[in-house]
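Q: The structure under discussion is supplied below as C-alpha cells; questions concerning it will follow.
Readers should treat all values here as calculations from the given coordinates under stated rules, not as data from a laboratory. Computed from a predicted model, the values in this text were never measured in an experiment. Cβ coordinates were reconstructed from backbone atoms using ideal geometry, including for glycine residues, and neighbour counts include every protein chain displayed.
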Ligand code: SF4
C-alpha cells in the first residue's frame, strides 16, 4: 500500500529507520505493555480505558501477571525483540529492569529491546540502570518541553540509541519542529512522527478540540498526513536528525497482522490451520451426546458422515478467542461472534 507514492512502511527524511522499527515491520517484536500507570493526561491518548492508569500487564493481547509469564508469551510468538510500552513504563522501573534482564538472559544479547517513555521519571540513575540492564533503544515522547532534559541525559550518559516519538496532527507542527530542532541539537539518532489515531478512547477529546476523523484514512485524524509531510519537508531542507513518518494504518494493517500470523504459525495444534489474516481455523465434529472432536480443515474428506462439521475461526490467543463459526453446508457466510 502506498501513501502519496510512498511505501506504507513509512516516509523518512534523511537517514535510515531506527533498528526497533525494522523488526516491528515483519511483526517480529513482542509488544510488552508493562503498566498502564502514567502521570500525564494527553488529550490524544489512544490507550484503552481498561488499561490506562491501571497497573496491568499484557504481552501483545494476552494479560500476564509476572516476569515468567512475559517470557512464556514472548517465546510463544518466537519474537526477535520486544517493545516496552504503557502508560509510562518508568513509573514501574524495577519491573521494567527485571523484564529486560530476563529477556536478555532467555533470548540472548541480540534480542533487541526498545522502550517508550515521557521522560518525566528519567533521572541519570534510572537511565544508567536501564542501559546496564540491557535496554538497546529508548524513545522519548516529551509531553512537556522540559522533559527534553531527559533526552539530553540519555544521549550524554548512556550508550543506548536515543530517539523521539511524537504524534502529529494539524496544529502540532510548531511543537513538532521545536522538538525536532532541540532533539537534533542533542544528538538523537532519529525522530518518529506518528500519524495521530482517532480511536474510541480519544474520540471525544479530539472532537472537542475540533479534530475530525479522516474520511479516506480510517481511524486517523483528518489532515495528520498532510501536516507530517509539511514537517518532513521542513526537516529535509535542514540538516537535522532523520525524521520518519509512521502511518497509523501501518501499525494496524501490517505490523499487528504480521505479528498475529507469526504467532498463529508457531503456536498451532495439529488440527489448526493458519489463515492469511493471522487467525487459526479448524473443524469441530459435534456429537449429539455433547462430545466434540477437532479435525484439521484439510482432513474433512476422512470424516464425512460422522456428525455435523462446524468450522471455527479464532485469534491465536492462549484461549483461542473465537471470531467466527458456521456449520459446513450452511448457505450463510457464518455466525460472527466477535469483531
Ligand atoms: S503519556 Fe502516553 S500513556 Fe500517558 S496519557 Fe500521554 S499518551 Fe497516554
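Q: Separation between the residue 132 and residue 328 pseudo-spin-labels, each 7 Å from Cα along Cα→Cβ, expressed in nm?
A: 6.1
Q: Also, quick follow-up: Considering only DSSP beta bridges whose two residues both sit in region 2-262, what percent are antiparallel, to the nearest 5? Don't skip to the end; give the middle numbers.
A: Values: 12 of 40 bridges.
In region 2-262, approximately 30 percent of DSSP beta bridges are antiparallel ones.
Q: Now for a separate question. Normalised by the residues of region 55-170, what does the relative contact order come to in percent, with Cα pairs under 8 Å and at least six apart?
A: Working: 153 pairs, mean separation 24.2, N = 116.
It comes to 21 percent, rounded to a whole number.
Q: Which order, highest average first, do 233-244, 163-174 follow once you tally other Cβ atoms within 10 Å for each residue and take the mean per peptide? The partial results should precede the final answer.
A: Numbers: 233-244: 17.2, 163-174: 20.3.
Top of the packing list down: 163-174, 233-244.
Q: A follow-up question, please. What FRET efficiency comes out for residue 299 versus residue 266 if R0 is 25 angstrom and r is the Cβ-Cβ distance? Round to the nearest 0.05. Intermediate results must be reported in sequence, preceding the final value.
A: Details: r = 21 Å, r/R0 = 0.85.
Rounded to the nearest 0.05, the efficiency is 0.75.
Q: List, largest first, the extents of the alpha carbons of the chain along their principal axes, each in whole Å.
A: Answer, in whole Å and largest first: 73, 46, 34 Å.
Q: In which sequence would 95, 212 go, from the one with the fewest C-beta neighbours within 10 Å to the one with the most? Please report the intermediate quantities before stating the final value.
A: Working: 95 18, 212 12.
Ascending Cβ contact count within 10 Å gives the list 212, 95.
Q: How would you rank 130-143, 193-206, highest first, on the average number of other Cβ atoms within 10 Å across their residues? Let's see the in-between values first.
A: Details: 130-143: 21.3, 193-206: 19.8.
Packing proxy ranking, top to bottom: 130-143, 193-206.
Q: Any chance you could check the Cα centroid distance between region 241-307 and region 130-173 for me, in angstrom?
A: 37
Q: Right, next: With an 8 Å cut-off on Cα pairs and a minimum separation of 6 or more residues, tell me the relative contact order of region 75-138 in percent. Walk me through the numbers before you get to the answer.
A: Numbers: 63 pairs, mean separation 26.6, N = 64.
Relative contact order comes out at 42 percent.
Q: Now, a different point. Determine, for 209, 153, the number of other Cβ atoms within 10 Å of each Cβ, and report the residues in order from fewest to most. Each step should come with its number before you reach the end.
A: Details: 209 12, 153 20.
Going from least to most buried by this count: 209, 153.
Q: Put a dot 7 Å past each Cα toward the Cβ at residue 55 and residue 181; how far apart are the dots in nm?
A: A separation of 4.2 nm, rounded to one decimal place.
Q: Now, a different point. Please report the relative contact order for the chain, taking Cα pairs under 8 Å with a sequence separation of at least 6, and give it as a percent rounded to a whole number. Don't jump to the answer; show the numbers that get you there.
A: Details: 654 pairs, mean separation 54.5, N = 339.
Reported relative contact order: 16 percent.
Q: Please report 178, 29 as a ranked list, fewest other C-beta atoms within 10 angstrom at the top and most at the bottom. Present the calculation step by step, with values, prior to reporting the outcome.
A: Values: 178 12, 29 27.
By the 10 Å Cβ count, ascending, the order reads 178, 29.
Q: Then there's this: In deg cm²/dmol, rounded to 500, what helix-only [θ] at 222 nm does the chain give when every DSSP H run of at least 4 residues adds -39500 (n - 2.57) and the total is split over its residues? Walk me through the numbers on the way to the answer.
A: Working: 9 runs with 95 residues, N = 339.
The per-residue figure over the chain is -8500 deg cm²/dmol.
Q: For region 78-100 and region 176-226, write down the distance between their C-alpha centroids in whole Å.
A: 24
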